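This report refers to the structure that appears directly beneath it.
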Amino acid sequence: MSAHWSERREGGGWFAVWLIRGIGLHLGRRVARALLYPITLYFYFRRGPERRASRAYLTRAFGRPARMRDVLRHIHCYAATILDRVFLLARGTRDFAIDVHGLEQLEARIAQGRGVILLGAHVGSFEALRVLAEARPELRVRMLMDRGQTPAMTQLLHALNPAVAAMVIDAGGDGNDVVLAIREATAQGALVGLLGDRARSGEATRAVDFFGAPAEFPSAPHLIAAILELPVVLAFGLYRGGNRYAVHFEDFSAGAAIARNERNARLGELTQRYAARLEYYTRLDPYNWFNFYDFWQLHADPGGTVRDGAAA
Amino acid sequence: MSTQSPVEHELAELIVSSLNLEHTSAAAIAPEAPLFGGGLGLDSIDALELALAISKRYGFALRSDNPDNKRIFSSLRELSAHIEKARVA
């Protein structure tokens, strides 16, 4: 349970390619969704660490012991969002009922014209945010994605929507290139999408309260935003069953620079506030939490992530 | 051990001041030692701040899509050589 998330092979990759692309697009979403049940069972029985992580998380979220049916529902929710990625990428949002909340907060930040960081997490479907691209086609959205970590997903993306794939900033590339790419994109007024809940190995993290216990969150998204003086808007696309999604935007920070001697304290505050808002949105529908590893493994990985207590 | 040229020293001073390296003097940065990871132990956040400082001081931007970035960021000497080349160009 203490393995770093990046050591687990990509969940769902195996069916993403052959099942989803083939059956999903040829036979339609209804048929493909029927197949999610056997897939969910397969995943449940074959992926022990993920199953245990799901049970531990749900127990924490519900405040009662999670049952098998809860875990199955959790896996099913995950599988359903992966399937829907295909349709969202290949056909846009027309098959879906997507409620959008807080768009005006994002619009206000975009109107300032200096780029925006869209900060999400591994909850629900970031793809549901494509609703934004359709509402505002002139917006440029560049998503950070680790191509090496998710080869099947990357392959799928390229096959289904090369235009979106071309906008990906490869987070698995050289770290210096990644931060420079964020700078270049936002300097042109683009929105850059990051997920703020997982640190890469060796990246600085903060232990902050999350679902009632300390968990390590990366501080880099907040530090990058401060250095580039970019506003941050939270963005979560929650799956609400059937063909329904709820997309939430929430203004998070104004893009003020942070003096070096205040960095340590301010980064701690920002990381904690992000975790609190992430908990709030995750609690709206706890089955949307898609970190299937022991997220609260405080100090269990001495060779991996480092604390950035001395970052000032 | 080789010594810093004047332009390398100027860049070393920019590195120390822009990254606020309290325990390192500009003169102590060996021109051929690795800047990132080992040696000075800079990370990509430092690279970002350094890129901003270089833009401000030298008026040109380090680019994310430069295939030579690994070499350019490898040492004070390489970075300085790249800046000098870009300024002339």
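None of the figures in this text is laboratory data; all of them are computed from the coordinates on show. What you see is a predicted model, and the numbers here were worked out from it, not measured in a lab. Every residue, glycine as well, gets a Cβ built from its backbone with ideal geometry; the counts of neighbours run over all protein chains shown.
Brief remarks on what is shown
- With eigenvalues of the C-alpha gyration tensor scaled by 5 and rooted, chain A, Å: 29, 24, 18
- Taking B:LEU76, B:LEU62, B:LEU11 as the candidate residues, the one with maximal mean-square fluctuation in a Gaussian network model of chain B, Cα springs under 10 Å, is B:LEU62.
- Distant-in-sequence amide contacts of A:ILE169, defined by a placed amide H-H separation under 5 Å and a gap of 5 or more residues or a different chain, comprise A:MET143, A:LEU144, A:MET145.
- Distance (nanometres) between label positions extended 7 Å along Cα→Cβ at A:LEU284 and A:GLN112: 2.2
- Fluctuation leader among A:LEU89, A:LEU180, A:LEU267 - chain A, Gaussian network, Cα springs under 10 angstrom: A:LEU180
- Cβ-derived FRET efficiency at R0 25 Å, B:SER5 paired with A:ALA187, nearest 0.05: 0.20
- Note, ³J(HN,Hα) from phi for the range B:8-21, Karplus 6.51, -1.76, 1.60, rounded to Hz, x at Gly and Pro: 5, 5, 4, 5, 4, 5, 5, 4, 5, 6, 6, 9, 6, 7
- Residue among A:PHE295, A:GLY102, A:GLY63 farthest towards the positive dipole end of chain A, charges placed on Cβ: A:GLY63
- For the range A:165-171, 3J(HN,Hα) computed residue by residue from phi via the Karplus equation (6.51, -1.76, 1.60; θ = phi - 60°) reads 4, 5, 8, 6, 9, 6, 5 Hz, glycine and proline entered as x.
- Residue mean of other protein chain beta carbons inside 10 Å, B:39-46: 5
- Annotation for B:GLU32 and B:SER55: the two label points, set 7 Å from Cα along the Cα-Cβ direction, are 3.3 nm apart.
- In this structure the amide hydrogen of B:SER75, modeled in the peptide plane, comes within under 5 Å of the amide hydrogens of B:LEU35, none closer than 5 places in sequence on its chain.
- Helix-only CD estimate at 222 nm, as mean residue ellipticity for chain A, using -39500 (n - 2.57) per DSSP H run (n ≥ 4): -13500 deg cm²/dmol
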